[in-house]
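Here's the structure we're looking at; comments come further down.
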Amino acid sequence: MQVLTTKENLVRQVEACLRQNKTIGLVPTMGALHEGHAALVRRSVSENDVCVVSVFVNPTQFNNKEDLQKYPRTLEKDVELLTQLGAHFVFAPSAEEMYSAEEMNTEFAFDFNGLDKVMEGKMRPGHFNGVVQVVSRLFELVRPTRAYFGEKDFQQLAIIHHMVERSSMKDNFGDLQIMDCPIVREASGLALSSRNQRLSEEEKTIALNISKTLFASLEWAKTATVAEVEKRVIDTINAVDGLEVEYYEIVDRTTLQPTTTFQNAIGCITVYCGPVRLIDNIQY
């Protein structure tokens, strides 16, 4: 496996693969890899001739500088894991390599068709502009056959689909397929996240109440309305000392807009466990 740190070297390797008609799988990550990432990489390795994993903590998608500084960076450990998983290339650029100074200081313009105005987009203005900026750059550099994303970041996944299938940018990406990959959870039910590394053991135990409540809501949905389930989820989690719900919304899976029916619905949640912001979702 090779670790590449410049766009020039990455493009050179990609072009060599394409000349041999090899399929390329891309797994975009911000590092601090866990079993959830590993599942994406294993699938990419099994479904493509070549697997490229990007490890890049993207500054343009952080609207909180403190959160950016605290985001775990474990490149050496990540490379060791990716070698074991059979990845072929790791692309680990600096911010200066990835963006010009102008790009770093100018918000990336994109028509989200309203997908960025709800939930995470409402709480983190500009976040998805940075996501689309970095993912589109990676697609242009790697020219993948398939790209792999986890369903834990469901709103992000919906926006990536929009970018590739329905936006004005779709012509840039050829026949690229976006591969949706299920949430990977610990045996306890806690959704795996790089941010879990910032939780103490006590906080991890407390955080279990998030997934426990979401799974319970599947039963509540059989006899209650959408509004009643939303309220019960929020009240149940907020009753746990150490947890505070930022939002819980049951929305249409396609439009991400509020819904009054559980048909084609997904419940998306963000909860603060102490200072750590955790996300999860449940499909109804």
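The values are calculated or read from the model by the stated rules, or taken from the named source; none is laboratory data. Worth saying up front: this structure is predicted, and the values here are computed from it rather than measured. Reconstructed Cβ throughout: ideal geometry from the backbone, glycine too, with neighbour counts over all protein chains shown.
So for the stretch 94-109 (the condition being free of Cβ contacts under 8 Å to residues at least 24 places away in the same chain and within 25 Å of LEU199 (Cα to Cα)), does at least one residue qualify?
There is no residue in the stretch 94-109 that is free of Cβ contacts under 8 Å to residues at least 24 places away in the same chain and within 25 Å of LEU199 (Cα to Cα).
When the stretch 225-252 is examined, which residues are found to be of a type in the set (Asp, Glu), assigned to a helix (DSSP H, G or I) and buried (at least 17 other Cβ atoms within 10 Å of the Cβ)?
GLU230, the sole residue that qualifies.
Pairs needed: first member in the stretch 70-92, assigned to a helix (DSSP H, G or I); second member anywhere, at pLDDT below 95 and among the acidic types (Asp, Glu); C-beta distance under 7 Å; at least 6 residues apart or different chains.
Final answer for the pair search is none.
So that you can scan it fast, the table gives a plain yes or no per residue for (1) at pLDDT 95 or above; (2) acidic (Asp, Glu); (3) surrounded by 14 or more Cβ atoms within 10 Å (Cβ to Cβ):
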{"position": "VAL52", "(1), (2), (3)": "yes, no, yes"}
{"position": "GLN84", "(1), (2), (3)": "yes, no, no"}
{"position": "GLU107", "(1), (2), (3)": "no, yes, no"}
{"position": "PHE110", "(1), (2), (3)": "no, no, yes"}
{"position": "GLY121", "(1), (2), (3)": "no, no, yes"}
{"position": "VAL135", "(1), (2), (3)": "yes, no, yes"}
{"position": "ARG146", "(1), (2), (3)": "yes, no, yes"}
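So, SER200, is that one among the hydroxyl-bearing types (Ser, Thr, Tyr) and either crowded, with 18+ Cβ neighbours inside 10 Å or not assigned by TED's automatic domain parsing to the domain that holds ALA265 (or both) or not?
In short, no.
What are the residues in the stretch 194-214 that are within 27 Å of GLN263 (Cβ to Cβ) and either modelled with pLDDT under 95 or more than 21 Å from the chain's Cα centre (by Cα) (or both), if any?
Listed by number, the residues that qualify are LYS212, THR213.
Can you tell me which residues in the stretch 39-62 are out of contact with any helix residue (DSSP H, G or I) (no Cβ under 6 Å at 6 or more places or on another chain) and more than 22 Å from CYS17 (Cβ to Cβ)?
ALA39, VAL57
Can you name every one of the strands (runs of 3 or more DSSP E) wholly within the stretch 1-58 that holds 3 or more residues which are in contact (Cβ under 8 Å) with a residue 60 or more places away in the chain and in contact with a strand residue (DSSP E or B) (Cβ under 9 Å, 6 or more places away or on another chain)?
In the stretch 1-58, the matching strands (runs of 3 or more DSSP E) lie at 2-4, 24-29.
Of all residues in the stretch 222-259, count the ones that are touching a residue at least 12 places away in the same chain (Cβ under 8 Å), farther than 17 Å from GLN283 by Cβ and among the β-branched types (Val, Ile, Thr).
6
Of all residues in the stretch 207-221 being of a type in the set (Gly, Ala, Ser) and touching a residue at least 40 places away in the same chain (Cβ under 8 Å), which is surrounded by the most Cβ atoms within 10 Å (Cβ to Cβ)?
Of everything passing the filter in the stretch 207-221, ALA207 is surrounded by the most Cβ atoms within 10 Å (Cβ to Cβ).
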